[in-house]
1. Per residue of the chain, what 222 nm ellipticity follows from adding -39500 (n - 2.57) for every DSSP H run with n ≥ 4, rounded to the nearest 500?
2. Take the Cα pairs of the stretch 12-272, get the Kirkwood Rh, then feed it into Stokes-Einstein at 4 °C and 1.567 mPa s and tell me D in µm²/s.
3. Distance between Cα centroids, the stretch 54-111 to the stretch 218-275: provide it in whole Å.
4. Please give the direction-averaged projected area of the C-alpha convex hull for the stretch 39-102, in square nanometres with one decimal.
5. With N set to the number of residues, divide the alpha-carbon radius of gyration of the stretch 2-50 by 2.2 N^0.38 Å and report two decimals.
6. For the stretch 12-272, give me the percentage of DSSP beta bridges that are antiparallel, rounded to the nearest 5 percent.
7. What is the Cα radius of gyration of the stretch 77-116 over 2.2 N^0.38 Å, N being its residue count?
8. Give me the Kirkwood hydrodynamic radius of the stretch 158-266, using the inverse of the mean 1/r over all pairs of distinct Cα atoms, in Å to one decimal.
Ligand SMILES: [Fe+2]
Ligand SMILES: [Fe+2]
């Protein structure tokens, strides 16, 4: 059993760290509830099981926000119990849904009422995991009561300090995206001041990649030499390229692997549920 949460050090003897990203679980108090025909609890469990049954050792699991769709301590208990039972190190950050209750979900997206809520205390505000040759920096980009994100001043200062003091290859992990994914409605809810965050990151040659959730789709690009990755949700997917809020009923739940090697070597790919 992994006794300490959150993990601070991961060491492997083959110089490879296999990181599994699971994101946007959107779980409900009622584990049987379905959304657009999908049961988010079952989908999350199927993603976790499928990933861990692959022919690959998993060294770290990152949950990158929107763990719940209605704020209830019991859901976090369920998630943490499930992850603890894997005996694999894991770390969780908040997304907008972890700090915001959305009232009137039956209304169109922009007509829903948003109510600010405090995050679960186990969701990390800023945290560093040293993994062999790498440092994984997790930051909370959520704003209670809002869909968009932001990095508060103190988080940016922490980031600058971490990057100045530790020159290992670095990956930054947050919920909100820092590059538009060409879908107007979700791009209106990126991390605010993304350009400023990129400027900060570009001051340090050892920043190799940024990893986010929030967009419920797989995406990869490079921004001035830094890789930017997102992952499918473990439940429902947003329609790629749509200007209005829309789900893609045919896209399967999925997850992302990141393989961190020596000298800043990074490989990453997405897998979808087999069935
Ligand atoms: Fe989400
Ligand atoms: Fe989100």
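1. Mean residue ellipticity, 222 nm, calculated: -5500 deg cm²/dmol.
2. The estimated diffusion coefficient comes to 71 µm²/s.
3. 17
4. 4.4
5. 1.59
6. About 55 percent, rounded to the nearest 5.
7. Working it through for the stretch 77-116, the quotient is 1.67.
8. When all Cα pairs of the stretch 158-266 are included, the Kirkwood radius is 14.8 Å.
Every number here is computed from the coordinates shown, using simple stated rules; none is lab data. Small disclaimer: the values here were computed from a predicted structure and weren't measured. In this analysis, Cβ positions are derived from the backbone assuming ideal geometry, glycine residues included, and neighbour counts consider all displayed protein chains.
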